[in-house]
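Worksheet for the structure shown next.
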Amino acid sequence: MRILLIEDNASIARAVRTMLISRKYAVDITEDAPSGLDSLLRGTYDLAIVDVGLPAGDGFSIVRDARAAGIQAPVLMLTARDAVEDRVHGLDSGADDYLVKPFVEEELLARVNALLRRSEKPIAATIEAGKLRIDSKARTASYAGIPLDLGTTEFRLLEFFARNANIAFSRAQLLERVWDYEFEGSPNIVDVYISQLRRKMKTAGGDGVIATVWGIGYKLVL
C-alpha cells in the first residue's frame with residue numbers, strides 16, 4: 001500500500017518513513033503545502049498523513065481541496081496544536097483522524113492500520129471484539145454471551161472502543177468522538193462513564209477489558 005507523508009520536519013519525516021517502510025508500506029514524502037496537494041491529487045495513495053503547519057499553506061487547506069477534488073483516501077492529520085478548535089477544524093476539513101505531536105510511533109502505526117482497515121470495507125453493523133459482541137442496529141451489547149444493560153452514552157463509548165480495539169485514546173479524543181464537539185463540561189465525565197462501563201463489564205466477567213494507559217487515557221484490550 002502507498003502512503004503520502006506531507007511533513008516539513010525532516011527528522012520526523014525520516015522517522016515515520018523508516019517505521020512505515022519496515023511494515024512494508026511504500027512511502028512518498030513532500031515538504032510543503034503546494035507540492036503535497038499536487039502529489040495527493042496526482043498520485044494513487046491508500047492513505048495520506050498530513051501535517052497542519054507547512055510552508056506555503058497548511059494541512060487544513062490540503063485536505064479541504066483534496067476532498068473537493070474527489071479524493072477519498074483516508075487522511076491522518078499531525079498537529080502540534082492541542083486546542084480543541086484546531087482539532088475540530090481538521091476533522092471538519094475532511095480529515096478522518098488526528099494525532100497530536102509529540103506522538104509514540106506505535107500509536108501512529110495503530111491509527112494508520114485502523115484507517116486502512118476502515119477504508120477497505122464498510123463499517124460492520126455487528127462488531128465482535130474478543131468476547132464482546134455489539135449489534136449497532138439493534139443497539140445491544142453482550143460479553144461472553146451475557147447481555148449488558150447500557151445507557152445511550154455508555155453504548156456509544158463501548159461501541160467506539162470496540163471499533164478501535166487496542167488503540168489508546170485520551171479523554172479529549174473520546175469527548176470529540178463519542179460526545180458532541182460542543183460539549184463544554186468537564187473532561188472528568190469520561191472517567192465517570194469509564195467507571196460505569198467497567199462495573200457493568202465486570203458483572204459479565206469482563207474485568208480489565210477497558211484498561212487505563214497511563215499518561216494517555218483508555219483503551220479496550222482484546
Task: Label of the coordinate-derived value, P(r) over Cα pairs in 10 Å bins from 0, in percent, listed as [x] 7, 32, 33, 20, 7, 0; [y] 9, 37, 41, 12, 0; [z] 8, 34, 34, 17, 6, 0 - done: [x]
- [ ] Mind checking the full-extension length gain between residue 142 and residue 21? Use 0.36 nm per residue of separation minus the Cα-Cα distance, one decimal, nm.
- [x] 39.7 nm
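At a Förster radius of 30 Å, what calculated FRET efficiency corresponds to the Cβ-Cβ distance of residue 44 and residue 152, to the nearest 0.05?
Numbers: r = 41 Å, r/R0 = 1.35.
Rounded to the nearest 0.05, the efficiency is 0.15.
Rolling a 1.4 Å sphere over the protein heavy atoms, what is the accessible area per residue of the chain, to the nearest Å²?
Dividing the accessible area of the chain by its residue count gives 50 Å².
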- [ ] Between residue 117 and residue 177, with labels modelled 7 Å along Cα→Cβ, what's the label distance in nm to one decimal, could you check?
- [x] 1.2 nm
- [ ] Could you state the angle between the C-alpha long axis of helix 10-22 and the longest principal axis of the C-alpha atoms of the chain, as a value from 0 to 90 degrees rounded to the nearest 10?
- [x] 60 degrees
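For a 22 Å ceiling on Cα separation, which of these pairs sit above it: 24/101; 24/219; 131/200; 24/131?
Going by Cα-Cα distance, 24/101; 24/219; 24/131 fall outside the 22 Å limit.
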Open item on the list: Please compute the length gained on full extension between residue 189 and residue 131, using 0.36 nm multiplied by the number of residues separating them and subtracting their Cα-Cα distance.
Closed with: 18.2 nm
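Could you sort 107, 31, 154 by their accessible area in this structure, using a 1.4 Å probe and putting the largest first?
Numbers: 107 35, 31 110, 154 10 Å².
Descending accessible area places them as 31, 107, 154.
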Task: Gain on full stretching of the segment that runs from residue 109 to residue 1 - 0.36 nm per residue minus C-alpha separation - done: 37.5 nm
TODO: Compute the Cα gyration tensor for the stretch 1-79, then decide on rounded, prolate or oblate, letting a ≥ b ≥ c be the square roots of its eigenvalues: rounded whenever a/c is under 1.5, prolate when a/b is larger than b/c in the other cases, and oblate in all that remain.
DONE: oblate
- [ ] Compute the acute angle (0 to 90°) between the alpha-carbon long axis of helix 105-120 and the principal axis of greatest extent of the alpha-carbon atoms of the chain; round to the nearest 10°.
- [x] 90 degrees
Open item on the list: At 222 nm, what value in deg cm²/dmol follows for the chain if DSSP H runs of at least 4 each add -39500 (n - 2.57) and the sum is divided by all its residues, to the nearest 500?
Closed with: -13000 deg cm²/dmol
TODO: Report, to the nearest 10°, how far helix 33-42 tilts away from the longest principal axis of the Cα atoms in the chain, using its own Cα long axis and a range of 0 to 90°.
DONE: 80 degrees
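The values are calculated or read from the model by the stated rules, or taken from the named source; none is laboratory data. Bear in mind that the values here come from a model prediction, so they are computed numbers and not experimental data. We place every Cβ from the backbone using ideal geometry, glycine too, and count neighbours over all the protein chains shown. Accessible surface areas use protein heavy atoms only, side chains included; no ligands, DNA or RNA. Shrake-Rupley method; radii C 1.70, N 1.55, O 1.52, S 1.80 Å.
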